[in-house]
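Worksheet: the structure to be examined is printed underneath.
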Amino acid sequence: MKVRIEESWKKQLAEEFEKPYFLELADFVRNEYATKQIFPPAKLIFNAFDSCPFDQVKIVILGQDPYHGVGQAHGLCFSVNDGVVVPPSLQNIYKEITSDLGIETLPSGNLERWARQGVFLLNATLTVRANTAGSHQEKGWERFTDEAIRKLSEERENIVFLLWGSYAQQKAALIDSSKHLVLKTVHPSPLSAYRGFFGCKHFSQANDYLRQNGLKEINWQ
């Protein structure tokens, strides 16, 4: 099956595109876009992959589902298009960056600036129906994105995995912690951020680890 995705990722995930589950998923997604309002726009489904080639990934941040409001989702977890109000979880991420690193973040919620530096902003499910959270879960996307995480763990080393919330933390089973740094805390949502996200210092820890391994730090601004 021909899938339009960045070349290094296409090579790593080539076998997945031919598996029965992915062919069924592709049919489902194609039909959903043809008959309903689906986010992100179809051309941005693989934006996380296209924005951060396989061999350039330094940090992985895992989300669960794309935003399901009009104009928000553009294929990067926690990120919204320029001009869209910064969502509450991202506001809390920015607050922790300011507290941790002493820098003011940019007002935009568009995190492409992070992706270009090697932050892989991956949602477990890559598509969603408008105004219906979780509507494309358990259709096959999770199997696909799990394989992406597994490939990074196996083929690369010295990547920082930021697992926020119980859903993301389940993915730790896919990661070899002897060759990567796995950092866990609660989700940055307003419902849980005060139970450990604030004060986690994941951003300075991630940069310290990159620096110790001879890699360029992320400018989180």
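Structure data summary
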| item | result |
| --- | --- |
| Of 119, 149, 93, farthest towards positive along the dipole that unit charges on Lys, Arg, Asp, Glu beta carbons give the chain | 93 |
| Cross-link reach list, aspartates and glutamates versus residue 216, counting only Cα pairs under 13 Å and skipping chain neighbours closer than eight places | 208 |
| Other-chain or far-sequence residues with amide H under 5 Å of residue 63's (modelled H) | 122, 123, 124 |
| Solvent-accessible area per residue, Å², over the chain with all protein chains present [probe radius 1.4 Å] | 47 Å² |
| Interchain or long-range residues, amide H under 5 Å from residue 128's placed H | 39 |
| Trypsin sites (Lys or Arg not before Pro) restricted to DSSP loop in the range 97-162 with at most 12 other C-beta within 10 Å | 116 |
| Apportionment of accessible area to carbon and sulfur, the range 140-221, percent (1.4 Å) | 44 percent |
| Separation in nanometres of the label points that stand 7 Å from Cα toward Cβ, at residue 129 and residue 113 | 3.7 nm |
| Residues of the range 73-113 with amide N under 19 Å of a point placed 7 Å along Cα→Cβ from residue 156 | 75-79, 111-113 |
| Estimated 222 nm signal from helices in the chain, with DSSP H stretches of n ≥ 4 weighted -39500 (n - 2.57), rounded to 500 | -10000 deg cm²/dmol |
| Kirkwood-based Rg to Rh ratio, the chain, C-alpha trace | 0.94 |
| Karplus-derived 3J(HN,Hα), 6.51/-1.76/1.60, for each residue of the range 71-77, Hz, glycine and proline x | x, 8, 5, 9, x, 10, 5 |
| Computed E for residue 95/residue 18 - FRET, C-beta separation, R0 41 angstrom, nearest 0.05 | 0.40 |
| Relative contact order (%) - criterion: Cα under 8 Å, at least six apart; region: the chain | 22 percent |
| Sorted peptide list for 179-190, 81-92, 16-27, criterion being average Cβ within 10 angstrom, highest first | 179-190, 81-92, 16-27 |
| Per-residue ³J(HN,Hα) for the range 186-197, Karplus 6.51 cos²θ - 1.76 cosθ + 1.60, θ = phi - 60°, Hz, x for Gly and Pro | 5, 5, x, 4, x, 6, 10, 4, 6, 9, x, 5 |
| From phi via Karplus (6.51, -1.76, 1.60), per-residue ³J(HN,Hα) for the range 148-157 in Hz, x at Gly/Pro | 4, 5, 4, 4, 4, 4, 6, 8, 10, 9 |
| Angle in degrees between helix 202-212 and the longest Cα principal axis of the chain, rounded to the nearest 10 | 80 degrees |
| Carbon plus sulfur fraction of accessible area for the range 3-68, probe 1.4 Å, in percent | 53 percent |
| Given 11/151; 95/171; 95/201; 58/151; 43/151, the pairs whose alpha carbons are separated by over 18 Å | 95/171; 43/151 |
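The values are calculated or read from the model by the stated rules, or taken from the named source; none is laboratory data. All values reported here derive from a predicted model rather than from experimental measurement. All Cβ positions, glycine included, derive from the backbone under ideal geometry; neighbour counts span all protein chains shown. Remember, those area values only see protein heavy atoms, side chains included, never the ligands or the DNA or RNA. Shrake-Rupley method; radii C 1.70, N 1.55, O 1.52, S 1.80 Å.
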